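Undergrad: Just passing along the structure, written as structure tokens.
The values are calculated or read from the model by the stated rules, or taken from the named source; none is laboratory data. In this text, all values refer to a predicted model and were calculated from it rather than measured experimentally. Cβ placement follows ideal geometry from the backbone for every residue including glycine, while neighbour counts extend to all protein chains displayed. The protein model used for the area step is the full one, side chains on, heavy atoms only, and it has no ligands, DNA or RNA in it. Shrake-Rupley method; radii C 1.70, N 1.55, O 1.52, S 1.80 Å.
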Amino acid sequence: MHNTEQPAPWTSSWRGDKATVYADLADALDGLLAGEPDRVANAANAAAAIYHAVGSLNWAGFYFLHNGQLVLGPFQGRPACVRIPLGKGVCGTAAAQRRSVLVPDVNAFPGHIACDGASRSELVVPLLVGDDLLGVLDLDSPLPARFDAADQAGCEMLAKVLARHLA
Ligand code: SME
């Protein structure tokens, strides 16, 4: 359980090494979303929590699978492209291959879809319930190489918690 004597992970006073940051955030998200069945409400709160907790992001949010396409869900950041076909861009690649995709330099990723010109690096993690793909969690940063293996492992842990609350 998230330690209620500590500030919530999405407050500015929250700091730690990446493994601790993501473990605490996963616990806090589990608590924040518990008991609420509405996907939009939970995705909106999760996007806000992640945006403020992870740091150095210009976009954090969701695309959900609808009729074979990814469709924009709740997010924090600038307005984004609404529909992404499977296999297209970083999001569509992660969705089609059902694996997380870490892009240190978006300009070096063939087919990257530029929603916010400020984005320099990106991490996309699929949301899976068993073999079913719900959608993806997408994080963008204005910093080159903002995300590393610890962020990827941490966001994969977040995705497991999120998939349970967004199914
Ligand atoms: N860059 C993504 C598109 C979504 S935005 O970053 C919010 C992609 O290439 O799939």
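Undergrad: Of all residues being surrounded by fewer than 18 Cβ atoms within 10 Å (Cβ to Cβ) and assigned to a loop (DSSP other than H, G, I, E, B) in segment 113-130, which is farthest from the ligand (Cβ to nearest atom)? Just the residue, please.
TA: Step by step, filter segment 113-130, then rank; the result is Gly130.
Undergrad: Of these, Leu133, Leu137, which one is within 16 Å of the ligand (Cβ to nearest atom), under 15 Å from Gly73 (Cβ atoms) and over 12 Å from the mean Cα position of the chain (by Cα)?
TA: Leu133 is the lone residue from the list that is within 16 Å of the ligand (Cβ to nearest atom), under 15 Å from Gly73 (Cβ atoms) and over 12 Å from the mean Cα position of the chain (by Cα).
Undergrad: Next up: Looking only at segment 58-79, how many residues end up being touching a Leu at 6+ places or on another chain (Cβ under 6 Å) and of a type in the set (A, V, I, L, M)?
TA: Adding up the residues that qualify gives 2.
Undergrad: Pro110 is checked against (1) open to solvent by 50 Å² or more (accessible area, probe 1.4 Å); (2) modelled with pLDDT of 95 or more; (3) in a loop (DSSP other than H, G, I, E, B) and fails just one. What number does that condition carry?
TA: All conditions pass for Pro110, except number (2).
Undergrad: I need the helices (runs of 4 or more DSSP H) fully contained in segment 1-98, keeping only those with at least 3 residues that are more than 15 Å from the ligand (Cβ to nearest atom) and closer than 14 Å to Val161 by Cβ.
TA: Ranges flagged: 18-33, 39-54.
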